[in-house]
Structure formats: C-alpha cells, structure tokens
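The values are calculated or read from the model by the stated rules, or taken from the named source; none is laboratory data. Model, not experiment: these values are computed from the prediction. Because the Cβ atoms are built from the backbone with ideal geometry, glycine has one as well, and the counts that use them run over all protein chains shown.
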Amino acid sequence: MNHSFLPGDVVFHLNEGAPQLVGVADKERLLRGGTSYATLLTPEAEPVWGGTFDALLPQLASRTAGLVEQVTSQIAARHARPVLISLARGGTPAGALIRRAAARRGLDWPHHSLSIMRAEGLDLVAYQEVLALHPERDVIFVDGWTGKGSIRGALDRSVPGARLAVLSDPAGISTYAGTYQDLLIPHALLNATVCGLLSRTFLSGSGRHAVRVEEALASYDRTQAYLDAVSQAAPQAVYMGIRPEQPVLTALALAEQYGVTDPHRVKPSVGEACRVLLRRAPHALLVRQTGHLDTEHLEQYARSHHIPVHVHADLPYQACALIQ
C-alpha cells in the first residue's frame, strides 16, 4: 500500500480497497436510511484549510511539540517496553510524533497503525498481527484528541482495559494526555493530505479494514512537513488542567436548545468540529468565544456557508458541531 509516511515512522495494518463513493448529501440520506457509515466514503478534494494549516503551523508547532513531550514522558515513566498502536487515521500523525520523541531519548518504540470504527470496533485481525510481532511489549493505543468518547468506548469494547494516549483530552477519558484543554491539533485541519494520503478507514468485506489512497492529492501533501515541523520545534510547556467531569453532558444539553437530541449528531471538540464541517452536513456550530486562534477558522467557514454560529461561554469545549 502506498503512503507518504517515512518507513521508520509507522507500519500500517490496512488493506487498500474500493469503497462506495458518495457525495455529502447522498451520504446523509443513506445514513438516515440505516446504511453503515463504515461502508461509505466521500472523495476528498483540494484541502479547504490548506492555507490555514500553513499559516498556523509555525505558531502551533511548539505547542504541539509540548503536548507530544508530555505524553511521551508519561508513557516512558510507566512502561519500559511499549509498542504504540495508533488509531487510523487521526491518531497516526500523533503516534509518529510520539515515536520520534521517544527516539530522541534513545528509546525504540515500535509504531503500528490500524483501524477502529465507532460501531464496528477495533480491527482485531490487524491487532492480532501487531501482538504477534511484539508479544512482550505493553500496548499503548494513540489517537489525536477526544470528543464525546465514542472511539474510547469502541476501543474498550474491543480490548477491555486498553491504555489510550492522546494529545488533547477534553473529554477526560484517556490514560495519558498532553492536556485536558480542548486545543486545535494542527493535523485536524487536513484529512488525507496530512495522514500519508490515506482516506478514512472503511470495511472491506473480509480480513483487515481498508483505506483508499488519495493519489490525486499528492501535490497538496503535507504529511512530512507537519511531522518535521513539530519534531524540530522547541517544546512549549502547555497547561494540562484538571481532568474534566461530565463535559459531554453539558454539550448535549446545549445541543438540545437547537433541536438536536440525538447524541450521534453532536460532535464536541475542535477536532471533531473540523471533521463535521469538512465531511458532514452541519446544522450549527457552537463556540465558547469568538475570534479564538483555535476556532476562528471554524467560525469563518461556518459564516461563509450560512451555518449558524452560537456562542456559549459555559461550553466545556472550545467548539461543538451539530449535524443536520
């Protein structure tokens, strides 16, 4: 399978497949009709926030490096021989950055990446492949950020007692975290073009979960530029904060004010809001404050696409997107 990560950064356990390709409107119609999200894929186009990514990365590289160092230190303090398993695809750049940070300390932490889906759970075929390669190591799953905790729930159902490390954990549900603040992790701004040109994962019918290689986007690829910028930046100390209590319930209660009562249509956190605006049919955007560095791009996109923006100072996340 072709991808644009360096060989030493990650080993993928994914098949290359051909999913059902649909537009956003057709996808929403099929989902309402009961079709599984895991079987559908919307083709990616030129990155919407490519310019935003390029402008913000120099500002956010040191902060992101600080989050990576925090997580790496926490893992190193508790595990002598870990193996990193990142959850494709948002977890893969985070896992590659943690692997590089460990290597700078003289630590050899293998890094593998495989698929997880909210309804289907972890790709257990791929998981068993990793365990067979590293039977004596402690498994640390890696993701970029947390939202409601749906992926954490799917992970726990598949691997009870799993350890999860994330860079930003506003849901307060990870084992190791860079911060409990809801922050913009730069690779949330892009999709395939910061994840090795790989699509979101989907079910392939048999064996391992699959991806589509978005080769047409190669000229927009920023995967190595991102990893190098963060790896080479001087880590900035980031306030970790206190593990939050029930932030999801507050987000769900605010969503009800706008007629959204289905939890699956509520996507809290900056990272999840980015995904909704790019891949789903948004109903509204909630933000804690206007003009914030981490969410200004969301506001601008929403207003230019006539998506209502509501400000709630008591929102426990920086942003929360509601789906139609």
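Some notes on this structure:
- Subset tally (residues that are within 23 Å of the chain's Cα centre (by Cα) and part of a loop (DSSP other than H, G, I, E, B)) for the stretch 308-324: 5
- One residue from Leu87, Leu56 being assigned to a strand (DSSP E or B) and in contact (Cβ under 8 Å) with a residue 60 or more places away in the chain: Leu87
- Residue, nearest to Gly121 (Cα to Cα), within the stretch 74-84, restricted to residues that are in a helix (DSSP H, G or I) and touching a helix residue (DSSP H, G or I) at 6+ places or on another chain (Cβ under 9 Å): Ile75
- Condition met for Gly161 (assigned to a loop (DSSP other than H, G, I, E, B) and at pLDDT below 95): no
- Hits in the stretch 260-287 (condition: among the aliphatic types (A, V, I, L, M), modelled with pLDDT under 95 and in a loop (DSSP other than H, G, I, E, B)): Ala281
- A count restricted to the stretch 142-197 and to residues that are of a type in the set (Phe, Trp, Tyr) and surrounded by fewer than 24 Cβ atoms within 10 Å (Cβ to Cβ) stands at 2.
- A search for C-beta distances below 8 Å between a residue of the stretch 171-198 that is under 25 Å from Val211 (Cβ atoms) and any residue that is polar (S, T, N, Q) and in a strand (DSSP E or B), counting only pairs 6+ apart in sequence or on different chains, returns Ile185/Ser168.
- All positions within the stretch 225-265 that are surrounded by 16 or more Cβ atoms within 10 Å (Cβ to Cβ) and within 30 Å of His3 (Cα to Cα): Tyr226, Leu227, Ala229, Val230, Ser231, Ala233, Pro235
- The residue pairs whose first member lies in the stretch 21-38 and is touching a residue at least 12 places away in the same chain (Cβ under 8 Å), whose second member is surrounded by 13 or more Cβ atoms within 10 Å (Cβ to Cβ) and assigned to a helix (DSSP H, G or I), and whose beta carbons are closer than 7 Å, counting only pairs six or more residues apart or on different chains, are Val22/Leu30; Tyr37/Leu31.
- Of residues in the stretch 202-215 being of a type outside the set (S, T, N, Q) and out of contact with any Leu (no Cβ under 9 Å at 6 or more places or on another chain), the one modelled with the lowest pLDDT: Gly205
- Note on the stretch 10-51: among residues that are buried (at least 20 other Cβ atoms within 10 Å of the Cβ) and more than 16 Å from Val211 (Cβ to Cβ), the one that is modelled with the lowest pLDDT is Lys27.
- Residue selected from the stretch 164-195 under the condition in a loop (DSSP other than H, G, I, E, B) and among the β-branched types (Val, Ile, Thr), by the criterion farthest from Val287 (Cα to Cα): Thr175
- Candidates are the residues of the stretch 225-241 that are in a loop (DSSP other than H, G, I, E, B), among the small types (Gly, Ala, Ser) and in contact with a helix residue (DSSP H, G or I) (Cβ under 8 Å, 6 or more places away or on another chain); the one that is modelled with the lowest pLDDT is Ala237.
- Thr72 being among the β-branched types (Val, Ile, Thr), within 17 Å of Leu227 (Cα to Cα), assigned by TED's automatic domain parsing to the domain that holds Leu203 and in contact (Cβ under 8 Å) with a residue 40 or more places away in the chain: no
- Boolean, His297 is assigned to a helix (DSSP H, G or I), under 28 Å from Leu41 (Cα atoms) and touching a residue at least 24 places away in the same chain (Cβ under 8 Å): yes
- The C-beta contact set for the stretch 209-234 (first residue within 22 Å of Ala102 (Cα to Cα), second residue among the small types (Gly, Ala, Ser) and in a helix (DSSP H, G or I), distance under 6 angstrom, 6+ apart or interchain) comprises Leu227/Ala96; Ala229/Ala61; Val230/Ala61; Val230/Ala65; Ala233/Ala61; Ala233/Ser62; Ala233/Ala65; Ala234/Ser62.
- Out of Leu56, Leu97, Leu60, sole residue that is touching a helix residue (DSSP H, G or I) at 6+ places or on another chain (Cβ under 6 Å) and surrounded by fewer than 24 Cβ atoms within 10 Å (Cβ to Cβ): Leu60
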